[in-house]
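*Asks:* Below you will find the structure I want to go over with you.
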């Protein structure tokens, strides 16, 4: 063995031993690393692996129904075959996929737009409807081609539907897709209630489980009741998001039904009676505060809003001069005009400013300082006492009364009746209006010369003009409060909340808000005068042959100042014409219904507003339906 | 007659396995057993069937057996030819190789092969042959020559680009040179320089990993791999995803593991390349720290046995070759596990025997066969 040298071999052995040491150190390092990962940090990684594999799939809750006081369903859900796309499985441009699908099933530009918007909002997680209400043929055609479209499927989805379309749209409102703002709000709400349930699952299921929320109307104000609680499925998923199996699930809790105080048939009749005219109509049951009808004309179709309204319809609604989206009884403020007179008369009685017999000689005008206030009967009404002032609607009587009372006294009497106040109705966005007082003027104007109250400004307040500006809701509410002898019931549209399973009802009707100290005999004097208005006064022609005794008061509100000229309906441009107002109630001995209404820019109240009230009362008191209006039918 | 037939068969078997090292054989069988069990889990959901893995394991064993029959002398004689052919093929690849995924690594010589794989064995063969030739008359100049013999293929492979394989070939060559007796005064400065460089890389990772910084000589994807290692969370859904998910798989395995075929990370497709480069993540998730200890001990036993065989080898050539092959096994195992556990950058290094892949198994079988041959022929030359 000549080649084998001892030192060489020795050196080799030494180096191998060092190599073994090196290998041991490196493997030791691996073992330390593995010990760190698998033993010391095990919990952390176990949690990460769990959250990796488990996805919470929200199960939306069925939204509660909206039902009128007689059991007619006016807001409901329907299940429809829907073409749905799993966003996580879309490869490339979604438009290409939609184009391909459109070859089999009709997909409109609106479907496409809504789908893409939902897709963007969601950052491509979740399943979204592309086309709903598939017909059987469309479904069959798709199923035959399904293999071509992974991630696309047909399933039954729940949709919100308002079966009567435009009817009662402003009070029902509508639901729409959850916006970023809605989400934030719900997040805050959720943070408050945390701890009641497994917060982890709740957090991950609650928000994604709510895809629609009420945007306006009762849908909005009773959102939490109607919504229910979404459930969830805990699903094991792959890295690609494909579900493997369901690990656990919590069923959703359906929302509760909201039973409205509205008589939808009365509502439908009034809406028909308005026809193309604009205006607001509110009917209240005085004893309870139940709103029986809440009409705002023109209206809109809430069904258009559910899946996102298309731009053309939106533009039309939004830019229309008629303002169909404007909730008139809630937000529209108008001078009450002569319908204010019964309230003024009551004030005079209660505050001992007039006795019923006190009479004035009316020359047809009233001069205060250097301004002449006209009565619309040229030559005047002659000798006028309280009853006659209401029956014939004498302005001069109230000019004098206003002067004698002063702005602040009127304000203090009218305030508890609810004029210029928030009534607290269960709809969002109520407008306060203006019940003028010297105090009000100081806060309403900026310049000192404007803040000063002029005595001349007091006079026209007496006939419901001047700064007076109330909602029709306030007018109806005020009348109901008087008819109720000062017991103020908060007006409300939702009467009860119904459990969808047990059918158990829970009344939402509040107890009386407060009481105004009114003398019943004074109220009777006013009622007697209002009955006389319909018998021999300004609206007598509208109430000829009525089968019940009804009280009423007409009003005609000026839209712009005439500057002492005589108003001519025909020559005045439409939107500057007078508003016709009317308040009414029936039956006289125990009023079941109090009404206030306005027909915008139509002219005299007696001529244009009172007939609507007569027909509404005919229906509500006697069940009589006018011949000219087609019979109203329930939608099955 | 029967008896004699039986005896004859016995003697044939005895002849076939004479000198067959039982230690190495059992370690290999143990690893193959683990490989088979893991593959039944890791192979699920992949297009690869268990029979493919069995076939590859079988081929590896056959190659191991065949190579174990070849006397080391033949290898010594063939070394320069294998190396030469390898270099020629690498040059051919550089000129008209096939491009896949942006890298020119393959060449069609009837079948498509990857010549850089050959160099993993060819380089230690060549260097061991060179030091054998220069035995007794070795000078500092010889280390320079060895360095050049090593640098040539490493550079050719690195510019394909295939940094992972280049580093493995470099490691294989360096093992031979160091085992051959490269003076410590040369080794120490190199190790220190390397250590400092890595330390600097970690310290300045923030600034040098900025997207618009280009590294000299290094491709974008290689830079990304290094940067991802330095901070996998910097891109949790992109480049860092593999590393993070692999670490989660390993960590969630815990001490005893989740149980065979119960790994959620593996079976829910969170582990990339779960039956090839990342098979360790599957193993670690399902068998836990305990399983990992067993596996690492088996690898250690394999390497230790290989080095022990090399110490008993009769010639310098066989000693260096055996030592280098053992350390190549170590490099594979260490780099792969280090990569899966986030200690090392993601380089395409399979875990010996466990990862699915024909070429790697053939190389492994070849290496193990050489070790066996050295063991078997230790006395033949000596006597």
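The values are calculated or read from the model by the stated rules, or taken from the named source; none is laboratory data. Keep in mind that what you see is a predicted model, and the values were worked out from it rather than measured. Every residue, glycine among them, receives a Cβ derived from its backbone with ideal geometry; neighbour counts consider all protein chains shown.
*Asks:* Considering region B:245-290 alone, what residues qualify as being more than 25 Å from residue B:51 (Cα to Cα) and either in contact (Cβ under 8 Å) with a residue 60 or more places away in the chain or in contact with a strand residue (DSSP E or B) (Cβ under 9 Å, 6 or more places away or on another chain) (or both)?
*Replies:* B:246, B:247, B:250
*Asks:* Give me a count of the residues in region B:253-266 that are surrounded by fewer than 20 Cβ atoms within 10 Å (Cβ to Cβ) and more than 7 Å from chain A (Cβ to nearest Cβ).
*Replies:* Adding up the residues that qualify gives 5.
*Asks:* Something else about it: For residue B:293, are the conditions met, namely being touching a strand residue (DSSP E or B) at 6+ places or on another chain (Cβ under 8 Å) and surrounded by fewer than 24 Cβ atoms within 10 Å (Cβ to Cβ)?
*Replies:* No; evaluated as a whole, the condition is false for this residue.
*Asks:* Quick check on this structure: which one of A:37, A:96, A:29 is in the same structural domain as residue A:234 (by TED's automatic domain parsing), outside any loop (DSSP other than H, G, I, E, B), more than 32 Å from the chain's Cα centre (by Cα) and at pLDDT 80 or above?
*Replies:* So the residue among A:37, A:96, A:29 that is in the same structural domain as residue A:234 (by TED's automatic domain parsing), outside any loop (DSSP other than H, G, I, E, B), more than 32 Å from the chain's Cα centre (by Cα) and at pLDDT 80 or above is A:96.
*Asks:* Which of the residues that make up region B:111-125 are in a helix (DSSP H, G or I) and without any contact (Cβ under 8 Å) to a residue 40 or more places away in the chain?
*Replies:* If the condition is that a residue be in a helix (DSSP H, G or I) and without any contact (Cβ under 8 Å) to a residue 40 or more places away in the chain, then B:115, B:118 are the ones that fit.
*Asks:* Would you please name the residue that is surrounded by the fewest Cβ atoms within 10 Å (Cβ to Cβ), looking only at residues in region B:267-284 that are over 15 Å from residue B:334 (Cα atoms) and within 8 Å of chain A (Cβ to nearest Cβ)?
*Replies:* B:269
*Asks:* Under the condition of being within 7 Å of chain A (Cβ to nearest Cβ) and either surrounded by 24 or more Cβ atoms within 10 Å (Cβ to Cβ) or without any contact (Cβ under 8 Å) to a residue 24 or more places away in the chain (or both), which residue from region B:296-315 is nearest to the chain's Cα centre (by Cα)?
*Replies:* Looking at the filtered set, the residue picked out is B:303.
*Asks:* Also, I was wondering about something else. Out of all the residues in region A:40-78, which are in a helix (DSSP H, G or I), surrounded by 20 or more Cβ atoms within 10 Å (Cβ to Cβ) and more than 7 Å from chain B (Cβ to nearest Cβ)?
*Replies:* Answer for region A:40-78, where residues must be in a helix (DSSP H, G or I), surrounded by 20 or more Cβ atoms within 10 Å (Cβ to Cβ) and more than 7 Å from chain B (Cβ to nearest Cβ): there is none.
*Asks:* Tell me which residues, restricted to region A:234-267, are surrounded by fewer than 23 Cβ atoms within 10 Å (Cβ to Cβ), away from chain B (no Cβ under 14 Å) and either without any contact (Cβ under 8 Å) to a residue 24 or more places away in the chain or part of a helix (DSSP H, G or I) (or both).
*Replies:* A:246, A:248, A:265 - these are the residues of region A:234-267 that are surrounded by fewer than 23 Cβ atoms within 10 Å (Cβ to Cβ), away from chain B (no Cβ under 14 Å) and either without any contact (Cβ under 8 Å) to a residue 24 or more places away in the chain or part of a helix (DSSP H, G or I) (or both).
*Asks:* Sort out which residues of region B:178-189 are within 11 Å of chain A (Cβ to nearest Cβ) and either part of a helix (DSSP H, G or I) or surrounded by fewer than 23 Cβ atoms within 10 Å (Cβ to Cβ) (or both), and write them in order of number.
*Replies:* Answer for region B:178-189, where residues must be within 11 Å of chain A (Cβ to nearest Cβ) and either part of a helix (DSSP H, G or I) or surrounded by fewer than 23 Cβ atoms within 10 Å (Cβ to Cβ) (or both): B:178, B:179, B:181, B:182, B:183, B:184, B:187.
*Asks:* Got a sec? Which helices (runs of 4 or more DSSP H) wholly within region A:375-447 have at least 1 residues that are within 30 Å of residue A:492 (Cα to Cα)?
*Replies:* A:386-391, A:407-417, A:438-444
*Asks:* Still on this structure, I have one more. Working only within region A:99-121, note down all residues that are crowded, with 17+ Cβ neighbours inside 10 Å and modelled with pLDDT under 85.
*Replies:* Matches in region A:99-121: A:111, A:114, A:115, A:118, A:119.
*Asks:* Of these, A:580, A:616, which one is under 28 Å from the mean Cα position of the chain (by Cα), at pLDDT 95 or above and outside any loop (DSSP other than H, G, I, E, B)?
*Replies:* It is A:616.
*Asks:* In the list A:486, A:456, which residue meets the criterion of being under 16 Å from residue A:415 (Cβ atoms), more than 20 Å from the chain's Cα centre (by Cα) and surrounded by fewer than 24 Cβ atoms within 10 Å (Cβ to Cβ)?
*Replies:* A:486
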